[in-house]
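In what follows, a single structure is set out as structure tokens and then discussed.
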Amino acid sequence: MTLPTIWGRRSSFNVQKVLWLAGELGLAYEHIPAGGQFGLLDTPDFLRMNPHGRVPLLRDGDTVVWESHAILRYLAARHGAEAFWPADPARRARADGWMDWAQTALQPAFLSGVFWGYYRTPEAQRDLPAIARSLAATHACLRQLDAVLATQPYLGGQALTLADIPAATALYRYYELDIAREPLAHVRAWYDRLRERPAYREHIMVPFSELKGRLDF
């Protein structure tokens, strides 16, 4: 049997989401580094699978899936039973809501605004007022998470689900960057719980120094 294949470099935020879930599922797969220093994204073979030329990309038999959240949902449905993406429509919608919120609110504020604006941008090119605004927006998002996590250990309830993965992928970079942080006790406790998970440590808590001052990939 051919193993599923995941394309993408390990330091990519969106690839990390997929690798983390694959690790949680105990999924055997082939990993092909792609993007950044590895290239491949503009090759004919890759573009036939994903015309957008981006990672992550998953091929599972005859099925090809691109976009990180589509891959997360596919893997959870195909390989995860109900543990990560419940069949109950209300619980599934709750997970979907947190996934979409992370992509449309937290990710633009933190990943685009703070991580790219501060860490990946060369110091001489940084827009400090814009970074400050993005950090304020990041903390506004994290305060929303903190309020929810005050009442339950995970965003979807009592156990880790897809609801957690997109937002929680950002936590390692948030806590590792040399930035001002708010004392959000429940977000910190969530992060500490995640750090106990082997798949989180393996796929999220990875060095990202290769990205410092790099806008080219």
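Throughout, read-outs are computed from the coordinates displayed, never taken from laboratory work. Just so we're clear, the structure is a prediction, and the values are computed from it rather than from any experiment. No Cβ is skipped: glycine too gets one built from the backbone with ideal geometry, and neighbour counts run over all protein chains shown.
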Just grab the label-to-label distance for K212 and A77, each label 7 Å out from Cα along the Cβ direction, in nm (one decimal).
-> 4.2 nm
From fewest to most C-beta neighbours within 10 Å, the residues D178, D146 line up as D178, D146
Between D62 and R126, 0.36 nm times their residue separation minus their Cα-Cα distance comes to what?
-> 18.6 nm
For the stretch 5-80, averaging the sequence separation of alpha carbon pairs under 8 Å that lie six or more residues apart and dividing by its residue count, the contact order in percent is 35 percent
In Å, what is the Rg of the alpha-carbon atoms in the stretch 5-80, and how long is Dmax?
-> 11.4, 32
Taking the convex hull of the alpha carbon atoms in the chain, what volume per residue do you get, in Å³?
-> 121 Å³
Share (percent) of C-alpha pair distances in the stretch 89-203 greater than 22 Å works out to 33 percent
Mean separation of Cα pairs under 8 Å and 6+ residues apart, divided by the residue count of the chain: what relative contact order is that in percent?
-> 24 percent
Summing Lys, Arg as +1 and Asp, Glu as -1, what charge do residues with Cβ under 12 Å from the Cβ of P56 carry, P56 excluded?
-> +4
Separation between the R143 and Q37 pseudo-spin-labels, each 7 Å from Cα along Cα→Cβ, expressed in nm?
-> 4.0 nm
What ranking of L19, L72 emerges when the number of other C-beta atoms within 10 Å of each C-beta is taken as an exposure proxy, fewest first?
-> L19, L72
Among T138, T151, T43, residue whose mean-square fluctuation peaks in a GNM of the chain (springs only between Cα atoms under 10 Å) | T43
Residues F13, F38, F115 arranged by fewest to most Cβ contacts within 10 Å | F38, F13, F115
Expressed as a whole number of Å, what is the distance separating the alpha-carbon centroids of the stretch 54-96 and the stretch 97-174?
-> 21 Å
